[in-house]
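Throughout, read-outs are computed from the coordinates displayed, never taken from laboratory work. All of these numbers come straight from a predicted model, not from anything done at the bench. Backbone-built Cβ (ideal geometry, glycine too); neighbour counts: all protein chains shown.
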Amino acid sequence: MNINLTLIGQSLTFLFFIAFCMRYVWPALLDMMEKREDRITKGLQAADRADKDLELAKQQAAKQLKDAKDQAVVIIDQANKRAAQIVEEAKDQARSEGERIKTAAHAEVEQEINQAREALRGKVSVLALAGAEKILGASVDAKVHSSMLEKLSAEL
Amino acid sequence: MASSEEAITATDYIQHHLQNLTYGKLPAGYERLQSDGSASILEKDTWTFAHSAEEAKDMGFMALHVDTLGWSIVLGLVFSIVFSKAAKAATMKPPKGLLSFVELIVEGVNNVVKDTFHHKSRFVGPMALTIFCWVFLMNLMDLIPVDWLPKAAATISGDPHLFFKVVPTTDPNATMGMAISIFLLMIFFSCREKGVLGFIKELTCHPFFAPKRLWYLNLFLVPINTLLETVSLLAKPVSLGLRLFGNLYAGEVIFILIALTFGVNLVIGLLGGVMQWVWAVFHILVILIQAFVFMVLSIVYMGMAFDSHDEQH
């Protein structure tokens with residue numbers, strides 16, 4: 001247990017190893033650890049932000065869905081109304097068409113009646129003459145009585 | 001075996017284990033005892049290995065403990081190589097294996113430094129890491145059974161009486177050497193941070209200082225301050241070095257004493273084996289704590305060196 005040069009040798013060795021550590025070990029390791037820590041912190045922050053973004057996106061999606069549903073309801077309403085309107089219009093059209101057809105038919109019938117009447121009117125004088133001939137036993141001069149006959153057919 | 005003879009053997013055993021392998025200068029005219037009992041006189045100054053504790057002592061200051069220095073350098077290199085390798089391998093990827101172990105230690109040391117040292121310094125962190133790892137490794141040598149490495153060294157060197165002490169921290173030269181380095185660093189940083197005048201002022205004007213109107217009181221106070229501060233300044237490295245040395249030396253002696261029981265008989269030898277195990281387990285705690293304490297105290301002393309008391313005056 002003598003104190004000797006070992007004391008100084010150990011001192012220098014000690015300082016040498018500290019210098020080595022200071023040059024090659026400590027800064028490199030600490031630097032790396034700090035960088036890594038920084039990266040982890042940033043990663044966690046990013047994850048947090050992503051979480052928030054996701055939440056926001058979900059909210060927005062829900063809102064959009066709701067909007068779409070509302071819009072769909074409106075559109076369906078409108079469509080229903082429009083359908084009812086179209087049906088109504090169709091009914092109106094059908095009714096007016098029916099009316100028109102009915103009127104045309106009436107007119108035709110009228111016309112036919114008139115024609116029949118005319119035809120009848122034409123024949124009335126002939127029939128009347130034939131009847132009168134039979135009754136009188138003589139021929140009636142059509143030319144003489146034509147004015148009277150005409151009056152008769154006009155009355156028909 | 002006679003009891004007196006056994007006592008001498010036991011004493012020899014212990015003393016042999018506590019003697020460093022010393023390489024030093026023997027002065028001219030020194031009388032060397034040979035192993036056969038005859039004496040030879042050296043003609044001139046000779047650098048040689050000491051063959052006995054007596055010779056080692058007579059070499060005085062001009063001697064080196066080869067085992068202490070050798071082991072501390074080897075262990076320091078182990079630390080340096082492992083850690084620099086880890087530093088080189090460090091990437092942004094998650095650390096694994098050796099790297100994560102190294103980072104665990106660096107992180108721990110860095111936290112201690114941050115907690116106890118509140119200034120900016122590129123030096124204190126590496127210093128703390130070096131102290132902790134190096135001192136721990138040197139202390140760790142204490143857990144190797146006391147006879148293994150000395151016996152191996154004796155066999156390799158062919159000298160059965162070779163002195164070989166494997167735990168550098170049981171050599172006061174090693175612990176005091178480190179403590180002196182710390183002491184010089186303290187003074188260096190103290191002077192760098194506060195200037196030489198600031199350092200002297202700290203030594204002379206603390207803790208007692210009279211205000212200006214009572215300036216004459218300082219004539220008495222300055223010597224008192226100087227005495228107190230010098231003592232407390234010198235006590236730091238002494239306590240630092242001797243604490244480590246004392247703890248490890250005591251542990252080593254107990255290991256040696258336990259090792260003595262192995263030669264007595266089977267029962268006592270077995271008991272000794274159990275005791276060795278128990279003491280080794282306990283010692284794991286001791287070596288770790290001592291390494292940690294040495295580190296923390298060094299950091300604290302550096303903190304004191306950086307601290308400035310200027311605002312008080």
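Quick look at the values:
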quantity: Taking N as its residue count, the alpha carbon Rg of region B:32-162 over 2.2 N^0.38 Å; calculated: 1.55
quantity: Residue among B:I256, B:I182, B:I268 with the largest mean-square fluctuation in a Gaussian network model of chain B, springs linking Cα atoms under 10 Å; calculated: B:I268
quantity: Cβ neighbours within 10 Å from other chains - mean over B:92-99; calculated: 2
quantity: Compactness of the protein assembly as shown as Cα Rg over 2.2 N^0.38 Å, two decimals; calculated: 2.61
quantity: Computed P(r) (all Cα pairs; chain A; 10 Å bins; percent); calculated: 8, 11, 8, 8, 7, 7, 6, 6, 6, 5, 5, 4, 4, 4, 3, 3, 2, 2, 1, 0
quantity: Helix A:142-155 vs. chain A, principal-axis angle (Cα, 0 to 90°, nearest 10); calculated: 40 degrees
quantity: Lys, Arg +1 and Asp, Glu -1 on Cβ, resulting dipole of region B:68-306 about Cα centre, debye, nearest 20; calculated: 900 debye
quantity: Max mean-square fluctuation residue, GNM over chain B, Cα-Cα springs under 10 Å, options B:M92, B:M275, B:M176; calculated: B:M92
quantity: Cβ-based charge dipole, chain A, positive-most Cα from A:V87, A:V124, A:T103; calculated: A:V87
quantity: Chain A, dipole about Cα centre (Lys/Arg Cβ +1, Asp/Glu Cβ -1), debye to the nearest 20; calculated: 520 debye
quantity: Dipole-positive endmost among B:L149, B:V278, B:L297 within region B:68-306 (Cβ charges, Cα centre); calculated: B:L297
quantity: Proxy reagent accessibility, fewest Cβ within 10 Å first, across B:W279, A:W26; calculated: B:W279, A:W26
quantity: Total formal charge among the other residues, if their Cβ is under 11 angstrom from that of A:N4, Lys/Arg +1 and Asp/Glu -1; calculated: +1
quantity: Separation between Cα centres of region A:37-80 and region B:115-142, rounded to whole Å; calculated: 54 Å
quantity: Cβ-based charge dipole, region B:170-313, positive-most Cα from B:T175, B:I224, B:A259; calculated: B:I224
quantity: Reachable lysines from B:K96, criterion Cα separation under 27 angstrom, eight or more residues apart if same chain; calculated: A:K35, A:K42, B:K85, B:K88, B:K114
quantity: Region B:205-272 and region A:91-126: distance between their alpha carbon centers, rounded to Å; calculated: 143 Å
quantity: Principal semi-axes in Å for region B:68-306 [√(5λ), Cα gyration tensor, largest first]; calculated: 41, 25, 15
quantity: Helix-only [θ]222 nm of chain A, DSSP H runs n ≥ 4, -39500 (n - 2.57) each, per residue, nearest 500; calculated: -33500 deg cm²/dmol
quantity: Simple label model, 7 Å out from Cα along Cβ direction - B:M275 to B:K88, nm; calculated: 4.7 nm
quantity: Over 24 Å between alpha carbons, listed pairs A:K58/A:K81; B:K194/B:K236; B:K25/B:K151; A:K58/B:K93; calculated: A:K58/A:K81; B:K25/B:K151; A:K58/B:K93
quantity: D_trans [Stokes-Einstein, Kirkwood Rh over alpha-carbon pairs] for region B:225-313, 37 °C, 0.692 mPa s, µm² s⁻¹; calculated: 204 µm²/s
quantity: Using alpha-carbon coordinates, inclination of helix B:98-116 to the longest axis of chain B, degrees; calculated: 50 degrees
